[in-house]
Amino acid sequence: MKIIGGPASQLLASRTARALGTEPVLCEFNRFPDGELYLRIAEETENEHVTLIQSTPTDSDLVSLLQLIDACEGARELNVVIPYMGYARQDKKFKPGEPISARAVARCIRADRIFTVNIHEKSVLEHFPSPAYNLDAAKLIGKHIASLGMENPLLIAPDSGAERLVKNVSSGLGYDYDHLEKTRLSGDTVVIKTKNLDVTGRQIVLVDDMIATGGTMAESIKMLRAQGAAGVHIACVHPVLARNAALRLFNAGVKDIIGTDTLEKAESRLSVAPLIADALKGP
Ligand code: R5P
């Protein structure tokens, strides 16, 4: 199988290729003088089994993915892995006149199989015109938390949307878990409702699918510390960490932030490559 990594997922594609015992295919990524994107896959893909791995945190990354799919037109089998799918959060019309952006994006992606990792809303998978599957990094995160050797940690989701994730992360580890109640006021401002949890002296791990502006996590950290938590750590699948998010979190008093390599950041210390490799091998 030929593994091709787009510009946003070079490391992850290399790790996945290695997990499958192969080398990633080289690509050239460039821009035309007018700013349009150019790419070229350095090997023939005609009649080959091909897997493209490309997260789409930016519009350019989405265009690169569409270009890669088009360049693989003659492949015998095409798998598309979108480890982090941008626009997945606009999964419904929140106000009249808005698009369902997740649907608009999904409709453009056609392949034999499509894989996402902890997509924001599973219902988005139904918008892809091809069979689409969601991979779950919860066990990977749980294993990492266990390796930190914290005594009796409490795992907390900052909102009800991440309740299932925190449950899956703690599954098999026997850790206590709970979730907070969040109201979003704007793109980067949220209010976390005070909840009477007994966190005094406990190590907390806040678990969410993604950290974008850091607003959700910063408010949660402040509340938990004010309630007497001994330390607050963060684990997420997608470390988007837009703008000054990391700074906001450290200012709020976080001990550490870990994420996976669905996005390639300094905080991406866990790799989802084994998950992807297993999914590609099939049942
Ligand atoms: C939303 O439901 C997500 O699970 C995250 O909680 C959210 O995207 C985080 O955004 P931010 O870091 O901007 O608060």
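The values are calculated or read from the model by the stated rules, or taken from the named source; none is laboratory data. Everything quoted here is computed from the prediction, not taken from an experiment. Every residue, glycine among them, receives a Cβ derived from its backbone with ideal geometry; neighbour counts consider all protein chains shown. These accessible areas exclude ligands, DNA and RNA; they are computed on the full protein's heavy atoms, side chains included. Shrake-Rupley method; radii C 1.70, N 1.55, O 1.52, S 1.80 Å.
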Across 5 Å bins beginning at 0, the whole-percent shares of Cα-Cα pair distances in the stretch 138-261 come to 2, 12, 24, 27, 22, 10, 2, 0
Note on the stretch 138-261, DSSP bridge orientation, antiparallel percent to nearest 5 equals 20 percent
Semi-axes (Å, rounded, descending) of the ellipsoid equivalent to the chain per its C-alpha gyration tensor are 35, 21, 17
So, over other residues within a Cβ distance under 11 Å of A138, counting Lys, Arg +1 and Asp, Glu -1, the net charge is +2
Rounded to whole Å², per residue accessible area for the stretch 138-261 with a 1.4 Å probe reads 45 Å²
Amide H contacts under 5 Å for N134, restricted to residues at least 5 apart in sequence or on another chain and with H modeled in the peptide plane, are T116
Answer in debye to the nearest 20: the dipole magnitude of the chain about its Cα centre, from +1 Lys/Arg and -1 Asp/Glu charges placed on Cβ, is 860 debye
The answer for trypsin sites (Lys or Arg not before Pro) in the stretch 17-90 that fall in a DSSP coil and have at most 13 neighbouring Cβ atoms within 10 Å is R76
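To the nearest 20 Debye, how big is the dipole of the stretch 142-260 about its Cα centre, given +1 on the beta carbon of each Lys and Arg and -1 on that of each Asp and Glu?
Around 200 debye, computed over the stretch 142-260.
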Kirkwood calc, the stretch 46-119, C-alpha pairs only, radius in angstrom 12.9 Å
Between the modelled labels at E73 and A242 (7 Å from Cα along Cα→Cβ) the distance in nm is 3.5 nm
Phi-derived 3J(HN,Hα) across the stretch 117-133 with the Karplus relation (6.51, -1.76, 1.60, θ = phi - 60°), rounded Hz, x for Gly and Pro, is 10, 6, 5, 3, 9, 4, 4, 4, 4, 5, 7, 6, x, 10, x, 10, 10
Among A230, F29, I82, the residue whose Cα sits farthest towards the positive end of the charge dipole of the chain, when +1 is placed on the Cβ of each Lys and Arg and -1 on the Cβ of each Asp and Glu, is A230
The percentage of the accessible area of the chain (probe 1.4 Å, all protein chains present) made up of carbon and sulfur atoms, to the nearest whole number, is 48 percent
Going through K139/K193; K93/K193; K143/K265; K122/K182 one by one, the pairs whose alpha carbons sit over 22 Å apart turn out to be K139/K193; K93/K193
